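The values are calculated or read from the model by the stated rules, or taken from the named source; none is laboratory data. All figures in this text were calculated on a predicted structure; none of them were measured in a lab. Cβ coordinates were reconstructed from backbone atoms using ideal geometry, including for glycine residues, and neighbour counts include every protein chain displayed. The accessibility values were calculated without ligands, DNA or RNA, using every heavy atom of the protein model including side chains. Shrake-Rupley method; radii C 1.70, N 1.55, O 1.52, S 1.80 Å.
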Amino acid sequence: IPDVDDDSMIDDPLTSVVYSGTPSAIPSHEPTGFPTSTRQGIIEASLFGDGGEEDLTIRRTLDPLNHPQAFQWLLDSDIWVPPPTATDPQGLWRERYFMAAFFFATRGDLWLDRQNWLSPTLSVCEWDNCCSDGGDDDGDDDDDETTMQIWCNEEDGMLRSLIIHENKMLGTIPSEIQALSMLERIDFYRNDLRGTLPSSIGLLSRLTRIDICETILTGSVPSELGNLVNLEILELYQNALTGELPSEIGNWSSIRRVSLYDNNLHGTLPKQLEQWTSLEFFDLHDNLFSGPLLDFGNWTQMRSLSLANNGLTGTIPTSIGSMESLELLALNDNNIAGSLATELGLLTRLSVLILRSNQISGSLPTELLSLSSLYLLDVGTNRLTGTFPSLNVTISCLDGNMFSDMPNMNGPDCSGEF
C-alpha cells in the first residue's frame, strides 16, 4: 500500500486508471482467502460477505466483473480506509465501490464537473466540495444552483443524498446502486443517462425522493419501486419510458408528488393508486394511457392534477368533489364523455380548469360557473349545449361547442397550451 504522503497518489485519479484496462486482480464470485489484514482481503470481505446465504445476492450484485475499472481503482489507486469509529465499515466500502462504478459507467472523464471524484484520500462524502455534513435538504424544492451535492450523515458517515444536475453524465445507472443502503434521495436531473431504471433501486428502503428527469431512460417503471413505502416524490418526466404503471406502486403510503409526463407509458391507470391519501401533485400528461379515470375519493390533498393528452375514456366521476384543495385540473385532449358533475362546484380553490378536446356533453353546471376562484376555464371543442353561459372568469375558452346563442368571440387563442 503506497504511503499517504506520496504525492504521486493524489494527482488526477484518471492518470492511473484507463478506460480500456483490466484489473490486475479480479476475485472470483467466492472469497479468495486473502488474509483480511490485506487491503484486497478487506475489500473482498466487505463487498462479497462471508459466503452466507444472505451474502449470495450481494456477491452477484457487486460482481467486480461488471465494473472492473472500479475494482482496479480500489486496489491500485485508492488508499482511503474507513475511520476507526465507523459503525458500518462494510457499508462504507460498498458505497465507495458503487461511487467508483458510477463514475466509470457514466464517463466521469467527460463530466462538466467532477470536483473531487476518485480522490484516493477523501471519503465519498467529500467528493463534491459541498455538503459533507448532511446538508439542509427539505426534500421538496431546490433552492440552489449547485451542480453536485453529496450529503452524508454525520454520525455514521454514510450517504443520504446524491444530487448531480446537468453534468453530461453519459451511460447507465449501475444496478449496484443498492449498495447505497442508507440513501434517501437520488437526483440526476438533465443528464444523458440511458438504459433502464435499475430494479435494485427498490431495495433502497429509506428513499423518499427520486428525480431522474429529462434524460433518456427507456424500459418500464420497475414494479420493485412499490417496495419504497417511504417514497414521497417520484419525478421521471421527459424520458422515453414505456410499459404500464405497476400496480405495486399503490403501496406508497407517503407519496406526495408523481411526475411522469412526456413519456410513452400506456395501459389503464391501476386501481391501486386510489389508495393514496397524501398525493398533492399528479402529472401524467402526454403519454398513451387509456381506460377510465380513477375514483378520486381519497385524494383529498390534491392540488394539481394533469392527465392531458392521453386516451382516457369514461366520465368525470362525482368523487371529483372530494379534492377540495384542487387548484389545477387538466384533462384536455382525451376521449372523456358524459356531462360535467355538479360536484365541480365544491372545488372552491380551483383556479385553472382545462377540459378542451373531449366529448363532454350537456350544459355547464351553474355550481361550476359560480366558483369565484376560477381564473381560466377552457372547455372548447366538446359537445356542450344549452344557453351560452354568463362567465366571471379572466380567461374563458368555449369555442367549438353547440351553445344555442353562441356569440362571435374575439377572445384568446385557446388552441394551444397555457
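Listed values for region 64-81 are Karplus-derived 3J(HN,Hα) couplings in whole Hz (6.51 cos²θ - 1.76 cosθ + 1.60, θ = phi - 60°), namely x, 5, 6, 9, x, 5, 5, 5, 4, 4, 4, 7, 9, 10, 7, 10, 5, 9, and x replaces Gly and Pro. Between residue 318 and residue 383, the modelled labels are 2.2 nm apart [label points 7 Å from Cα along Cα→Cβ].
Once amide H atoms are placed 1.01 Å from N in the peptide plane, what residues at a sequence separation of 5 or more from residue 265, or on another chain, have their amide H within under 5 Å of its amide H? Under 5 Å from the amide H of residue 265: 288. For residue 360, the residues 5 or more places off, or on other chains, whose built amide H falls under 5 Å of its own are 383.
Shown in residue order for region 320-331 are the 3J(HN,Hα) couplings computed by the Karplus curve 6.51 cos²θ - 1.76 cosθ + 1.60 at θ = phi - 60°: 4, x, 6, 8, 5, 9, 5, 10, 9, 10, 10, 10 Hz (x for Gly and Pro).
Net charge in the neighbourhood of residue 94 (other residues with Cβ under 10 Å of its Cβ; Lys, Arg +1, Asp, Glu -1) is -2. Remark: the residue 395-residue 295 segment gains 33.1 nm on full extension, using 0.36 nm per residue and subtracting the alpha carbon distance. Expressed per residue, the C-alpha convex hull volume of region 70-109 stands at 68 Å³.
Starting from the Kirkwood Rh over alpha-carbon pairs, what translational D in µm² s⁻¹ does region 225-348 have by Stokes-Einstein at 20 °C and 1.002 mPa s? Roughly 148 µm²/s, to the nearest whole number.
Once R0 is set to 41 Å, what does the formula 1/(1 + (r/R0)^6) return for the Cβ-Cβ distance between residue 278 and residue 403, expressed as a FRET efficiency to the nearest 0.05? So, using R0 = 41 Å, E works out to roughly 0.55.
Oblate is the label for region 224-263. Its Cα gyration tensor axes, ordered a ≥ b ≥ c, give a/c of at least 1.5 and b/c at or above a/b. Rounded to the nearest Hz, the phi-derived 3J(HN,Hα) couplings of region 355-360 under the Karplus curve 6.51 cos²θ - 1.76 cosθ + 1.60 (θ = phi - 60°) are 10, 4, 6, 10, 10, 6, where x marks glycine and proline. In this structure residue 237 has an accessible area near 30 Å², from a 1.4 Å probe over the protein heavy atoms. Is any residue of region 97-124 close enough, with backbone N under 18 Å, to a label point placed 7 angstrom from the Cα of residue 81 along the Cα-Cβ axis, and if so, which? Residues 97, 120-124 fall inside that zone.
Kirkwood radius, region 267-307, all distinct C-alpha pairs, inverse of mean reciprocal distance: 10.8 Å. Residue order by solvent-accessible surface for 266, 165 is 266, 165, largest first, with ligands and nucleic acids left out and a 1.4 Å probe.
Amide H contacts of residue 291 (H built 1.01 Å from N, in plane; Pro and chain starts excluded): 313 sit under 5 Å, all sequence-distant by 5 or more or on other chains. Protein-only accessible surface at a 1.4 angstrom probe places the residues 161, 363, 372 in the order 372, 363, 161, largest first. Rounded to the nearest 0.05, the FRET efficiency derived from the C-beta distance between residue 367 and residue 65 at R0 = 56 Å is 0.30.
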